[in-house]
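The numbers here are math on the coordinates, done by the rules we state, and not lab data. What you see is a predicted model, and the numbers here were worked out from it, not measured in a lab. Reconstructed Cβ throughout: ideal geometry from the backbone, glycine too, with neighbour counts over all protein chains shown.
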Amino acid sequence: SILSSKDRTAYHFQPPKNWINGMSGPMYYNGIYHEFYQYNPDGSFNPNTSLNIVWGHSVSTDLVNWITLEPALEPDTPNDIKGCWSGSATIVSGDQPVIIYTGVIDIEKHQVQNIALPKNRSDPYLREWTKASNNPVIQSGVPGLNSGQFRDPTTGWIGPDGLWRIAVGAQLNGYGAALLYKSEDFLNWTRVDHPLYSSNASIMFECLDFFAVLPGSNNGLDMSSAIPNGAKHVLKMGMNFGEDVYVIGVYDLKRDVFVPDTDDSRLWPRIDYGNFYASKTFFDSKHGRRIIWAWTTETDSSSDDVAKGWAGIHSFPRTIWLDNDGKRLLQWPVEEIESLRRNEINHQKLELKKGDLFEIKGIDTLQADVEIDFELTSIDDADPFDPSWLFDTEKHCQEADASVHGAIGPFGLVILASDNMEEHTVVHFRVYKSQKNYMILMCSDLRRSSLTPGLDTPAYGGFFELDLEKERKISLRTLIDRSAVESFGGGGRVCIMARVYPVSLVDDDHQPHMYAFNNGSATVRVPHLRAWSMRTAQVSV
Ligand code: DQQ
């Protein structure tokens with residue numbers, strides 16, 4: 001794959017060098033966005049053996065351009081000597097940022113929770129953090145709790161009793177649990193005798209997140225303040241050490257428990273159906289929105305990563321909110337990304353018959369933002385949908401690639417394509433008729449994305465529901481950023497982040513091709529197609 005620095009992404013977050021993994025404590029405070037991240041100061045390899053993970057720290061005023069600072073937390077006390085693992089930031093009483101994070105205390109990786117406070121709150125970049133004298137503020141010591149699986153405390157939230165609460169991911173009696181703790185001062189914590197939620201759907205919950213949402217409103221809610229009536233709550237869990245799944249439900253304030261709308265974990269949607277894990281949200285009080293972003297791994301070899309000197313990026317920050325029907329979260333790149341757009345191209349009223357390819361020219365096809373609407377000419381002969389397909393969405397994208405004709409679809413984008421199409425990545429839709437509505441399958445198929453052997457090149461997939469009787473339009477937005485392809489289907493109902501390493505892109509003056517295509521029997525119209533070149537952001541100044 002590409003070993004030169006050329007394949008650094010142009011506008012996705014990554015530090016100047018070395019390995020990063022999950023998010024930690026993202027927050028907005030006093031005009032500055034803070035990105036903290038799991039960072040390996042020793043190189044671009046996975047630190048799970050070196051056990052020397054620090055909290056890398058970068059700051060921004062626009063979520064697009066970032067300044068790299070010195071690490072905020074380093075393993076330098078008995079309470080975190082073997083790693084400063086993930087955690088969260090909470091703005092307490094309106095102006096006091098507090099970090100609560102997991103410390104690894106020995107080579108067996110036993111975990112405790114610690115507090116850190118800014119050394120000097122008048123430093124706009126909050127460069128230095130002081131660890132609380134009463135650390136560890138939370139220890140395992142619970143019957144049935146595996147103290148090696150006890151981490152990633154959430155941002156705190158206030159209950160009607162004025163007490164702070166946080167949840168800590170754990171393995172309790174062999175299964176995933178969100179353990180609940182309460183505090184008056186955010187410094188001294190006591191455990192609540194029951195979990196906020198637990199489930200046998202996973203043996204552990206990593207990187208928990210718990211936040212309130214209002215159906216149909218894309219304004220975020222601040223968990224440091226009282227939550228309006230009618231709000232739903234979302235519990236996000238890192239399941240089976242690799243999938244960020246979310247559950248919409250009700251937070252029962254009296255019993256202090258989370259009650260999911262559905263307990264069937266096979267129906268719990270993923271935040272993103274691609275390479276996206278250890279995500280965190282935070283409330284952005286500047287714009288009144290909730291923002292989510294996640295860790296996206298490399299999918300080339302670890303020797304490639306050592307050679308190129310960096311490994312791991314973060315997805316582009318997305319606004320996240322609850323759909324009108326209260327059944328799905330929607331996500332969309334924060335609008336600040338549009339500051340990177342230049343030389344727009346625009347096509348209207350295209351028509352794509354079966355087998356048609358429409359080449360999209362005139363933009364930088366290596367660093368692009370593409371928005372395309374597909375309008376269906378007919379929906380009557382859609383293939384039938386089987387609800388069991390929801391239990392393994394990737395299978396359907398693997399079984400039927402873009403060459404397999406369906407009644408309606410596949411149609412979508414072919415991107416990062418070499419001249420002879422030997423290398424290409426496909427993002428496409430297929431339309432199915434279900435009992436009471438239409439189900440759309442979105443695939444991001446990486447199987448032909450690179451000629452380099454040994455890469456992880458799946459065909460990611462996710463379903464979303466659309467009422468095509470009301471509107472026969474399916475939208476797609478794809479952010480192309482060299483080795484990152486981030487797609488948003490149906491206005492953000494399904495999101496798929498992916499990594500690709502096409503070798504034909506090594507010589508930069510060679511622009512890959514981009515096409516809109518239709519391989520379904522039914523003709524598809526494209527009322528709007530807009531695309532932009534994307535400038536390179538100042539990501540690690
Ligand atoms: N990575 C962190 C943990 C978290 C895991 C350690 C998620 O805190 O559970 O780097 O990938």
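A crude spin-label estimate for the pair Arg525 and Gln96, with each label 7 Å from Cα along the Cβ direction, gives 6.1 nm. Here the relative contact order of the chain, from alpha carbon pairs under 8 Å that lie six or more residues apart, stands at 16 percent. The length gained by stretching the chain between Ser265 and Asp42 to full extension, at 0.36 nm per residue less their Cα-Cα distance, is 76.4 nm. Please give the calculated 222 nm ellipticity per residue for the chain, where each DSSP H segment of at least 4 residues contributes -39500 (n - 2.57) and the sum is spread over every residue; nearest 500 deg cm²/dmol? Helix contribution divided over all residues of the chain: -500 deg cm²/dmol.
Grab the Cα-Cα distance for Asp325 and Ser540, subtract it from 0.36 nm times how many residues apart they are, and report the gain in nm with one decimal. If you can, show how the numbers build up before the last one.
Values: separation 215, 0.36 × 215 = 77.40 nm, distance 3.97 nm.
Extra length available between Asp325 and Ser540 comes to 73.4 nm.
Highest first, please rank the peptides 494-501, 184-191 by the mean number of other Cβ atoms sitting within 10 Å of their residues. Each step should come with its number before you reach the end.
On the way: 494-501: 27.0, 184-191: 15.6.
Packing proxy ranking, top to bottom: 494-501, 184-191.
What is the packing order of peptides 463-471, 207-215, taking the mean over residues of other C-beta atoms within 10 Å and listing the highest first? Each step should come with its number before you reach the end.
Numbers: 463-471: 15.4, 207-215: 22.3.
The most tightly packed comes first, giving 207-215, 463-471.
Once the C-beta distance of Asn120 and Asp386 is scaled by a Förster radius of 41 Å, the resulting FRET efficiency is 0.10 to the nearest 0.05. The slack between Ile203 and Ser302, meaning 0.36 nm per residue of separation minus the straight C-alpha distance, is 32.9 nm. Between Lys254 and Val142, the modelled labels are 2.4 nm apart [label points 7 Å from Cα along Cα→Cβ].
Past 30 Å, Cα to Cα: identify those pairs from Lys308/Lys473; Lys232/Lys349; Lys327/Lys433; Lys119/Lys254; Lys327/Lys361, in the order given. Too far apart for the 30 Å limit: Lys308/Lys473; Lys232/Lys349; Lys119/Lys254; Lys327/Lys361. For region 21-140, what class follows from the C-alpha gyration tensor (a ≥ b ≥ c being the square roots of its eigenvalues): rounded when a/c is under 1.5, otherwise prolate if a/b is larger than b/c, else oblate? Oblate shape, in that a/c is at least 1.5 and b/c is the bigger or equal ratio.
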